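Read through the structure below, which is laid out as structure tokens, and then see the notes.
The values are calculated or read from the model by the stated rules, or taken from the named source; none is laboratory data. The shown structure was predicted, so the numbers you read here are calculated from the model rather than taken from an experiment. With ideal geometry, Cβ positions are generated from the backbone for all residues, glycine too; neighbour counts draw on all protein chains shown. Surface areas here come from the heavy atoms of the whole protein model, side chains and all, with no ligands, DNA or RNA. Shrake-Rupley method; radii C 1.70, N 1.55, O 1.52, S 1.80 Å.
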Amino acid sequence: MTDAHLSDEPRSIPGLLARNVRRHGDRPAYREKELGIWQSWTWAEVADEIEALALGLLALGLEKGDHVAIAGRNRPRFYWTMVATQMAGCVPVPVYQDSVAEEMAYVLDHCGARMAVVEDQEQVDKTIEIKDRLPNLRDVIYLDPRGLRKYTHAHLKPFAEVQAAGRARRSEMIAELERRRDAAGPDDTCVMLYTSGTTGRPKGVVLSNRNIIETSRASAEFDRLTEHESVLAYLPMAWVGDFIFSLGQAMWCGFCVNCPESTTTMHENLNEIGPTYFFAPPRYFEERITTITIRMEDASALKRRIYDRAMAHARKVGPSILDGKPVSGRDRWLYRLFDVLIYAPIRNRSGMSNVRVAYTAGEAIGPEIFDFWRSLGINLKQLYGQTEASVFITQQPDHEVRADTVGVPSPGVELRIAETGEVFYRSPGVFVEYYKNPASTADTKDADGWVATGDAGFIEEGTGHLRIIDRAKDVGKLASGALFAPKYVENKLKFYPAILEAVVHGADRDYCTAFINIDLSAVGNWAERKNIAYSSYQELAGHQDVLDTIQSHVEEVNRSIAGDEMLSGCQVRRFLVLHKELDADDGELTRTRKVRRKIINEKYDDLVNALYDGSKTVTTETEVTYEDGRKGSIKATLEIRDAAVVPVEAKRMEAAE
Amino acid sequence: MNAMSGNTTTADGRKIGGVLMEMRNITLRFGGVEAIKDISFDILEGEVRAIIGPNGAGKSSMLNVISGFYNPQVGEVWFRGEKRPPMKPYEVARLGIARTFQNIALFDGMSVLDNIMTGRLTHMTTGMLAQAIWKGKAEREEVANREIVEKIIDFLEIQHIRKVPVGRLPYGLKKRVELARALAAEPKLLLLDEPMAGMNVEEKEDMSRYILDTNDEFGTTIALIEHDMGVVMDLSDRVVVMDYGKKIGDGTPDEVRNNQEVIDAYLGVAHD
């Protein structure tokens, strides 16, 4: 959007706050559960609290342009701190509350934070530990005094005291505060967020008022968000998503942000609040299904039958009803009946009775998981975004929702796919720069404002939806020149409960092959039901019935990949089931359970060769590290299986090249 | 007896006051068995006092004497400068002494919240009828009591199980709920009977922190029995050591650690 649009709208978050007070000052703006009761603050009250805090910060000597670090879980006072900081002409820098002192030291040092507003003793202790190395850090303000009474450090101040000081000196400081607040322009920094950085040091992403306000406006219009929404703020405050959902959009629309009582009460609080707008990572939706399934398995046979019948019906017609497609009268009536009996109670138990728009993002979501929630009538959609874009790059419009795409470009976003398959975007939300890091800024963002996502993908013809296939650096070519996207295939394989981990090989080879790890709990359960005796992981992994099951999964995946023009070359021709679980202790996975391809390729290079030389079995010996640090070795003879592939026509292959 | 009597301040800034409770020449017999033999010691206001000893040393019996569950045949119990006559446990509770048990004694079918509310019983004055009608005074009283209970729930970080029946909780949390119930009575003196028995290292660390925080935040005097020596030495200001019903040591953790009699009692002595 253009400046013309911005000129008659507030140009900063404090500006939006003032607008919200004028529009609906007595509507609730924030809620937090304290001592078992939901406390709430109206927009007018919030404005008063924020002003008092901003004055208090000025009284402490906060200079225009200073950085203020914020570390704690989602609490109204932290959101107020961000706005108060902006009001004082300064930059809020939320920090991951669970980061260790070292990581916190890096961020605080890099941004030169002048103050830190933190939650409790745990965070205060961290700041004390690192304070000597941070000459700029002068004041630490804390919310929860518990355990801090004995602390005598002069730089420690309770939050309430800072506000009280601000109120006391209002008359002498208000003019300065108003001057700073009104000076904020669209190009001033709104917030600085550090990306967790899978490689190297975290980078400080600078987002301007224009970035945040334009993105919030466009995305709010996309989903028709109003001041009547309510959200539960439970995702880390240092994450860009929370900043947009709980501050940007909340301020733009003027809706209410609810903060849980503690990090452990999220489910209960979700249930009490019943938000209308909800975001969660795929894992969250998966876990909720597991909980429901386990509880249903404990239910009586009759209830289980009704549940199974209802869920089968939901899978059949639920998504169609949600998308407004024609459904027969009988099916519609049955759906309504089951809704009363099954679907509505599940939605209620999951705290999703009122959800109008729900998003998931971050990683691939299993189609069954995605469809489970949609079939219950919950408008769950996917979006694709990153910090550098102020979240939104693409999102799924209502009624155009599918598990395998991430949607169409968000309003105002342009997309470009490079030769290499990498996705580039340009939008009003594109970040200003990486703080104090012009080299990285130039690497990521070119002179025309195009930003590299680091992901490879393509735009589907016909629908215009973007499909992400893999990290760009992992995408390669087969010997035939066809696209090779290992993670895409691995994710498909991993959607089967029996498969815990998969490693697909194929770069510069003639065809793809795979290592499979079975999921011991899922397969063990299955073996128990089938009365299959086994004494170890290795024995179970080599069992013929298990291999048959895995083979059928692989072939199913092959069929689904074959339907995909660009990726049909990635079908898995041969596979084996590994004799041990891939383990972070052996260096095969990262601590966050990501596959380390290079190490696995080197370590199991005899197995990889066997996959490509046509042998039926392979004998190997592998060194393992036990949990107590001792080393041992496992000897095994593994069977290599051929999986059926769907022949792909030559002309299609060429088209893909 | 030692340098800590009278008003002092510990290294970490807590105030230790005068004598809160004094046991004078206590002897407790069960038939012919002498569980406690002529023991005297005191508990100062604001301190963490540990009672340790090998199995069967008489520690729990001692705690039961303090809590009024047993009345000793010989000896006097002095609390807040007055000699305490033989009392029923509920009368002792009204004096401001609360306790937790070695084997958890909670109401399994009741929620965590209700269990902790029972700790407020000694502070409730309205009658059954008023409670049943629940208007006016009874309602105000419940609201006030609930607020105190909620602060304790917040303090012990058990908000997420507020409404869960206690029977469904894991052991470590039950222990915490029991501590919460004892705290709800707002005791002057808190007696903890093996608060960390059966816990793993992490749970022990959590519990230690809650015990120290309780002492720190509310100024509650704490007497505890514990087997884990590391925990005892870290937590307590002073330690009483018992063996076969006799007191064999009394002093700061360092003094006790170097006491030859204590070392012998724990490690055994060679008979030659």
Selection count where residues are surrounded by fewer than 24 Cβ atoms within 10 Å (Cβ to Cβ) and touching an Asp or Glu at 6+ places or on another chain (Cβ under 9 Å), scope the stretch A:578-587:
5
Restricting attention to the stretch B:45-61, does a residue exist that is open to solvent by less than 40 Å² (accessible area, probe 1.4 Å) and within 14 Å of another protein chain (Cβ to nearest Cβ)?
yes
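Taking the stated definitions as given, is residue B:205 touching a Phe, Trp or Tyr at 6+ places or on another chain (Cβ under 8 Å) and either outside any loop (DSSP other than H, G, I, E, B) or in contact (Cβ under 8 Å) with a residue 40 or more places away in the chain (or both)? Talk me through it step by step, then tell me what you get.
On the way: touching a Phe, Trp or Tyr at 6+ places or on another chain (Cβ under 8 Å): no; either outside any loop (DSSP other than H, G, I, E, B) or in contact (Cβ under 8 Å) with a residue 40 or more places away in the chain (or both): yes.
For residue B:205, the condition - touching a Phe, Trp or Tyr at 6+ places or on another chain (Cβ under 8 Å) and either outside any loop (DSSP other than H, G, I, E, B) or in contact (Cβ under 8 Å) with a residue 40 or more places away in the chain (or both) - is not met.
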Over the stretch A:331-361, the set of residues in contact (Cβ under 8 Å) with a residue 24 or more places away in the chain, assigned to a helix (DSSP H, G or I) and of a type in the set (Val, Ile, Thr) is A:342, A:346
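For residues in the stretch B:226-267 being part of a loop (DSSP other than H, G, I, E, B) and open to solvent by less than 50 Å² (accessible area, probe 1.4 Å), which is farthest from residue B:66 (Cα to Cα)? Give the steps one after another, and end with the answer.
Pass one, the stretch B:226-267, residues part of a loop (DSSP other than H, G, I, E, B): B:226-228, B:236-237, B:244-245, B:252, B:258-259.
Then drop every residue that is not open to solvent by less than 50 Å² (accessible area, probe 1.4 Å), which leaves B:226, B:228, B:236-237, B:245, B:252, B:259.
Numbers: B:226: 16, B:228: 22, B:236: 18, B:237: 19, B:245: 15, B:252: 21, B:259: 26 Å.
Once the filter is applied, the top-ranked residue is B:259.
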Hey, any hits in the stretch A:287-297 for a residue that's closer than 17 Å to residue A:349 by Cβ, surrounded by fewer than 16 Cβ atoms within 10 Å (Cβ to Cβ), within 22 Å of the chain's Cα centre (by Cα) and of a type in the set (S, T, N, Q)?
yes
Complete set of residues in the stretch A:594-611 that are in contact (Cβ under 8 Å) with a residue 60 or more places away in the chain and open to solvent by 60 Å² or more (accessible area, probe 1.4 Å)
A:601
Hits in the stretch A:179-199 - residues which are without any contact (Cβ under 8 Å) to a residue 24 or more places away in the chain, over 25 Å from residue A:136 (Cα atoms) and open to solvent by less than 80 Å² (accessible area, probe 1.4 Å)
none
Hey, residue A:55 farther than 18 Å from residue A:155 by Cβ and open to solvent by less than 10 Å² (accessible area, probe 1.4 Å) or not:
yes
Which numbered condition residue A:153 fails, given (1) assigned to a helix (DSSP H, G or I); (2) modelled with pLDDT under 95:
(1)
For the stretch B:188-197, indicate whether the set of residues that are under 22 Å from residue A:149 (Cβ atoms), away from chain A (no Cβ under 14 Å) and open to solvent by 20 Å² or more (accessible area, probe 1.4 Å) is non-empty.
yes
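Could you say whether any residue in the stretch A:251-262 is over 22 Å from residue A:397 (Cβ atoms), in a helix (DSSP H, G or I) and in contact (Cβ under 8 Å) with a residue 24 or more places away in the chain? Outline the logic, then answer.
Let us first name the residues in the stretch A:251-262 that are over 22 Å from residue A:397 (Cβ atoms), namely A:251, A:254, A:256-262.
Applying the additional criterion that residues be in a helix (DSSP H, G or I) yields A:251.
From the residues that got through so far, the ones that are in contact (Cβ under 8 Å) with a residue 24 or more places away in the chain too are A:251.
Within the stretch A:251-262 (the criterion being over 22 Å from residue A:397 (Cβ atoms), in a helix (DSSP H, G or I) and in contact (Cβ under 8 Å) with a residue 24 or more places away in the chain), the answer is yes, since at least one residue qualifies.
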Say whether the condition of being surrounded by 17 or more Cβ atoms within 10 Å (Cβ to Cβ) and assigned to a strand (DSSP E or B) is met by at least one residue in the stretch A:160-169.
no
I'm told residue A:313 meets every condition in (1) surrounded by 15 or more Cβ atoms within 10 Å (Cβ to Cβ); (2) under 30 Å from the mean Cα position of the chain (by Cα) except one. Can you identify the failing condition by its number?
(2)
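With respect to residue A:296, determine if the residue is within 14 Å of another protein chain (Cβ to nearest Cβ) and in contact with a Phe, Trp or Tyr (Cβ under 6 Å, 6 or more places away or on another chain). Lay out the reasoning, then the answer.
Numbers: within 14 Å of another protein chain (Cβ to nearest Cβ): no; in contact with a Phe, Trp or Tyr (Cβ under 6 Å, 6 or more places away or on another chain): yes.
For residue A:296, the condition - within 14 Å of another protein chain (Cβ to nearest Cβ) and in contact with a Phe, Trp or Tyr (Cβ under 6 Å, 6 or more places away or on another chain) - is not met.
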Based on what the data block shows, is residue A:273 of a type in the set (A, V, I, L, M), out of contact with any strand residue (DSSP E or B) (no Cβ under 9 Å at 6 or more places or on another chain) and open to solvent by 20 Å² or more (accessible area, probe 1.4 Å)?
no
Quick check on the stretch A:469-486. Is at least one of its residues open to solvent by 50 Å² or more (accessible area, probe 1.4 Å), assigned to a strand (DSSP E or B), modelled with pLDDT of 90 or more and more than 30 Å from residue A:624 (Cα to Cα)?
no
So residue B:223 fits all but one of (1) in contact with a strand residue (DSSP E or B) (Cβ under 9 Å, 6 or more places away or on another chain); (2) in a helix (DSSP H, G or I); what number is the exception?
(2)
Would you confirm whether any residue within the stretch A:383-398 is closer than 30 Å to residue A:353 by Cβ, assigned to a loop (DSSP other than H, G, I, E, B) and open to solvent by 20 Å² or more (accessible area, probe 1.4 Å)?
yes
How many of the residues in the stretch B:99-153 are touching an Asp or Glu at 6+ places or on another chain (Cβ under 8 Å), in a helix (DSSP H, G or I) and among the basic types (Lys, Arg)?
0
Condition first: over 33 Å from the mean Cα position of the chain (by Cα) and within 14 Å of chain B (Cβ to nearest Cβ). Now tell me which residues in the stretch A:137-183 satisfy that.
A:147, A:148, A:149, A:150, A:151, A:152, A:153
At pLDDT 85 or above, in contact with a Pro (Cβ under 7 Å, 6 or more places away or on another chain) and outside any loop (DSSP other than H, G, I, E, B): is that true of residue B:26 in this structure?
yes
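Residue by residue, here is whether (1) more than 30 Å from residue B:28 (Cβ to Cβ); (2) outside the structural domain of residue B:90 (by TED's automatic domain parsing); (3) at pLDDT below 95 holds:
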{"position": "B:157", "(1), (2), (3)": "yes, yes, yes"}
{"position": "B:163", "(1), (2), (3)": "yes, yes, yes"}
{"position": "B:166", "(1), (2), (3)": "yes, yes, no"}
{"position": "B:196", "(1), (2), (3)": "no, no, yes"}
{"position": "B:231", "(1), (2), (3)": "no, no, yes"}
{"position": "B:236", "(1), (2), (3)": "no, no, yes"}
{"position": "B:251", "(1), (2), (3)": "no, no, yes"}
Criterion violated by residue A:364 - all others in (1) in a loop (DSSP other than H, G, I, E, B); (2) surrounded by fewer than 19 Cβ atoms within 10 Å (Cβ to Cβ); (3) in contact with a helix residue (DSSP H, G or I) (Cβ under 7 Å, 6 or more places away or on another chain) satisfied
(2)
Name every residue in the stretch A:495-549 that is under 23 Å from residue A:289 (Cβ atoms), without any contact (Cβ under 8 Å) to a residue 24 or more places away in the chain and not hydrophobic (A, V, I, L, M, F, W, C), in order of residue number.
A:519, A:521, A:524, A:525, A:528, A:529
In the stretch A:34-48, what count of residues is obtained for those that are within 14 Å of chain B (Cβ to nearest Cβ) and open to solvent by 30 Å² or more (accessible area, probe 1.4 Å)?
5
Report the residue count in the stretch A:510-536 for those that are at pLDDT 90 or above and within 34 Å of the chain's Cα centre (by Cα).
8
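Can you spot a residue in the stretch A:125-136 that is within 14 Å of chain B (Cβ to nearest Cβ) and open to solvent by 50 Å² or more (accessible area, probe 1.4 Å)? Step through it out loud before you land on a result.
The initial filter retains those residues of the stretch A:125-136 that are within 14 Å of chain B (Cβ to nearest Cβ), namely A:125.
So of that shortlist, the ones also open to solvent by 50 Å² or more (accessible area, probe 1.4 Å) come out as A:125.
Yes, the stretch A:125-136 has at least one match.
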